[in-house]
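The values are calculated or read from the model by the stated rules, or taken from the named source; none is laboratory data. Quick caveat: nothing in here was measured; it's all calculated off a predicted structure. All Cβ positions, even for glycine, are placed from backbone atoms using ideal geometry, and neighbour counts span all protein chains on display. Keep in mind that these areas ignore ligands, DNA and RNA; they rest on the heavy atoms of the full protein, side chains included. Shrake-Rupley method; radii C 1.70, N 1.55, O 1.52, S 1.80 Å.
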Amino acid sequence: MTDDRDVLRDVWFGRIPTCFTLSQDEITEREAEPYYLLLPRVSYLMLVTDKAKKHFQKVMRQEDVGEMWFEYEGVPLKWHYPIGLLFDLHASNTALPWNIIVHFKNFPESELLHCLTKDAVEAHFMSCIKEADALKHKSQVINEMQKKDHKQLWMGLQNDKFDQFWAINRKLMEYPTEEGGFRYIPFRIYQPLNERPFIQKLFRPISSEGHPHNLGDLLKEMFPAAVTPEDMEKQYQVVIHGIEPMLETPVQWLSEHLSYPDNFLHISIIPLPRD
């Protein structure tokens, strides 16, 4: 992969100032103060909220504590989506800190998966990496790795260790020079409050004529409304890691540098507010 290591570092160390507040529905023995954290964009809520959980449990009776879940403006937050994606999707145009409500009861069974241990996060994360490598290299790279390499990817993410993670992950970002890129680009396109979880189809980084595909080409095929004709007003923001990349950016470069640790490009399509 091209060595824009500063970009990888900036992506990894992206943080979202967040204020956690206990839901008013919870029974407490005394008032619960809000809890503030800087959340890593590339991680998952269940990996980085132990301190918040302990903070709120101090004011609650043990019998009132069920499975913890989070909500933003009435929307339960999916723990298996990376934190940066959740923010881009639901809160990208709001003032900071991000205000998240914490619940310990009334788990929304129809909207969230259960996550009782960090093992569930690890299983989901590794399954995404394997799916991404199936698209990129027909699973050859991930299958040639040893169990300890898989564990190093997970521990690097869990413990926020950039070098430990990228020592292994860079192998997943390599490809034969003559091919010019991966077999297919692992991506998912999301919209807020859409019934369909995301759009995911096969898309090659290089056209049949040998030209590099860019972000605009991907969107024209998957979500044409996000590409605004010159004579029309822009309707959508296309957001990856909190920024709007230029539509001319090659998708191969985006896949190598702006993928989340699960090796997917998570692209949020946000409707712009109408005046």
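Listed values, structure above:
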quantity: Positions within the range 259-272 being open to solvent by 10 Å² or more (accessible area, probe 1.4 Å) and closer than 16 Å to residue 182 by Cα, in sequence order; calculated: 259
quantity: Matching residues, the range 104-134, being within 18 Å of the chain's Cα centre (by Cα) and under 23 Å from residue 205 (Cα atoms); calculated: 127, 128, 129, 130, 131, 132, 133
quantity: So residue 73, is it outside the structural domain of residue 265 (by the TED database), of a type outside the set (Gly, Ala, Ser), closer than 21 Å to residue 195 by Cβ and open to solvent by 50 Å² or more (accessible area, probe 1.4 Å); calculated: yes
quantity: Residue ID - nearest to residue 221 (Cα to Cα), chosen from residues in the range 152-201 that are basic (Lys, Arg) and loosely packed, with under 14 Cβ neighbours inside 10 Å; calculated: 201
quantity: Among the residues listed as 61, 30, 5, 15, the single one being among the basic types (Lys, Arg) and under 30 Å from residue 180 (Cα atoms); calculated: 5
quantity: Near pairs, Cβ below 6 angstrom, 6+ apart or cross-chain, from the range 135-164 (under 24 Å from residue 5 (Cβ atoms) and among the polar types (S, T, N, Q)) to any residue that is in a helix (DSSP H, G or I) and open to solvent by less than 20 Å² (accessible area, probe 1.4 Å); calculated: 152/168; 158/47; 164/156
quantity: Identity of the residue in the range 102-114, open to solvent by less than 50 Å² (accessible area, probe 1.4 Å) and hydrophobic (A, V, I, L, M, F, W, C), that ends up farthest from residue 239 (Cα to Cα); calculated: 104
quantity: Output for the range 135-151, where each listed residue is open to solvent by less than 40 Å² (accessible area, probe 1.4 Å), closer than 22 Å to residue 204 by Cα and not in a loop (DSSP other than H, G, I, E, B); calculated: 135, 136, 137, 141, 142
quantity: Extreme residue, farthest from residue 67 (Cα to Cα), among residues of the range 121-134 that are in contact (Cβ under 8 Å) with a residue 40 or more places away in the chain and open to solvent by 30 Å² or more (accessible area, probe 1.4 Å); calculated: 131
quantity: Of residues in the range 217-274 being closer than 28 Å to residue 160 by Cβ and free of Cβ contacts under 8 Å to residues at least 24 places away in the same chain, the one nearest to the chain's Cα centre (by Cα); calculated: 243
quantity: Hits in the range 202-216 (condition: surrounded by 14 or more Cβ atoms within 10 Å (Cβ to Cβ) and either more than 23 Å from residue 184 (Cβ to Cβ) or without any contact (Cβ under 8 Å) to a residue 40 or more places away in the chain (or both)); calculated: 204, 213, 214, 215, 216
quantity: Residue satisfying condition, being in the same structural domain as residue 26 (by the TED database), touching a residue at least 12 places away in the same chain (Cβ under 8 Å) and more than 30 Å from residue 169 (Cα to Cα), within set 97, 40, 82; calculated: 97
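Matching residues to (1) within 19 Å of residue 94 (Cβ to Cβ); (2) touching a residue at least 60 places away in the same chain (Cβ under 8 Å):
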residue	(1), (2)
29	no, no
34	yes, no
44	no, yes
63	no, no
